[in-house]
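The values are calculated or read from the model by the stated rules, or taken from the named source; none is laboratory data. The model shown is predicted, which means the values in this text are computed figures rather than measured ones. Please note: Cβ atoms are built from the backbone with ideal geometry, for glycine as well, and neighbour counts cover all protein chains shown.
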Amino acid sequence: MDDTDEGLALRIRNGDHQAFSILVRRHTDRFYGLAWRLLGNSAEADDVVQDAFLKFWTQPDMFRPEAGARFTTWFYRVVSNLALDRLRGRKRWKGDVDFDAMPDRAATADAVYENRQMQGHLEAAIHELPERQKLALNLCFYEGMSVRDAAEVIGVGEKAVESLLMRAKAGLKEHFIRKGLAGPGEVQDARRTKQG
Amino acid sequence: MHDEQNKDKDIDQWLSMRHAPQTPDDLADRIVHRAVRTPQRASRAFASGLFQEMAGLFIVPRPAFALAVCLVIGVGGGWMTTALPDTTTQTSAETTSFDVIVMEEDWI
């Protein structure tokens, strides 16, 4: 039996619940990650992923593998569109990152606090970016997508994605300079010195 | 140039410190359970197939040929109508009323 994403998508057209279950379990983590990174909120990311999968379940012929489309690329577009719609409705980023849901990789309480502060700054900086820059950054940096695939998801050319990435990084740099923040390298050096 | 590369590296380092929270354990289960209770919509492929079939009834296999035939029939029909002798005949009532008008108005 064809257990590729595209094969499962074809079975879902015939109302195959098992195929849907396999596809959902295979990709939930990946798409939840994207939704969270775009929205910065666990509850909303949860809703977006549910809505996206249920939309696909109710209208499976929206995805056309016959035309050579890849499920993940197509579904990235669905999830990012739903997330961006929510962001537009929200107008401004709330700045309420739920740190408690995030993994703490630091050993000491001080380090945990520092990490959270840095994550807060980083989230704020990323959410200040225009939506397409933010999307390009998330797809290429965090989802590990090629520029070509990201271009397909965003619906622009490859050159445009490269430009979006460059501008996103420049925007982040500017944000950090404006806020007078040291780079993580400097922070880590300072931490090492303190510990030493 | 070297400084720029360092800055880029620094930004990448910043970015790599960003971690998404773990996916809720029951998210996939919730999605699957909701799907079980949600019926699939009638396939758009079926609807579009039906529409295409209906539209197919009106498709002319050789449009140029069909247009030419229609033109010939139209022109021929029109020519036949005008070429026919005027077969309209006056009824006696019409003749009488004409005569009355002529007499009264003193046309002739």
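Remarks
- Test: residue in the stretch A:18-25 that is more than 9 Å from every other protein chain (Cβ to nearest Cβ), of a type in the set (G, A, S), surrounded by 15 or more Cβ atoms within 10 Å (Cβ to Cβ) and over 21 Å from B:Q22 (Cα atoms): yes
- Cβ separations smaller than 6 Å between residues 6+ apart or across chains give the following pairs from the stretch A:7-36 residues that are of a type outside the set (K, R) to residues that are in a loop (DSSP other than H, G, I, E, B) and at pLDDT below 95: A:A9/A:F63; A:G15/B:Q40; A:T28/B:T23; A:D29/B:T23; A:Y32/B:T23; A:G33/B:A20; A:W36/B:A20.
- For the stretch A:66-80, the criterion of being among the hydroxyl-bearing types (S, T, Y), within 21 Å of A:A150 (Cα to Cα) and facing another protein chain (nearest Cβ under 10 Å) is satisfied by no residue at all.
- The condition (being at positive phi and surrounded by fewer than 18 Cβ atoms within 10 Å (Cβ to Cβ)) is satisfied by just one residue among A:G40, A:G15: A:G15.
- Odd one out for A:L87 among (1) surrounded by 15 or more Cβ atoms within 10 Å (Cβ to Cβ); (2) modelled with pLDDT under 90; (3) touching a His at 6+ places or on another chain (Cβ under 8 Å): (3)
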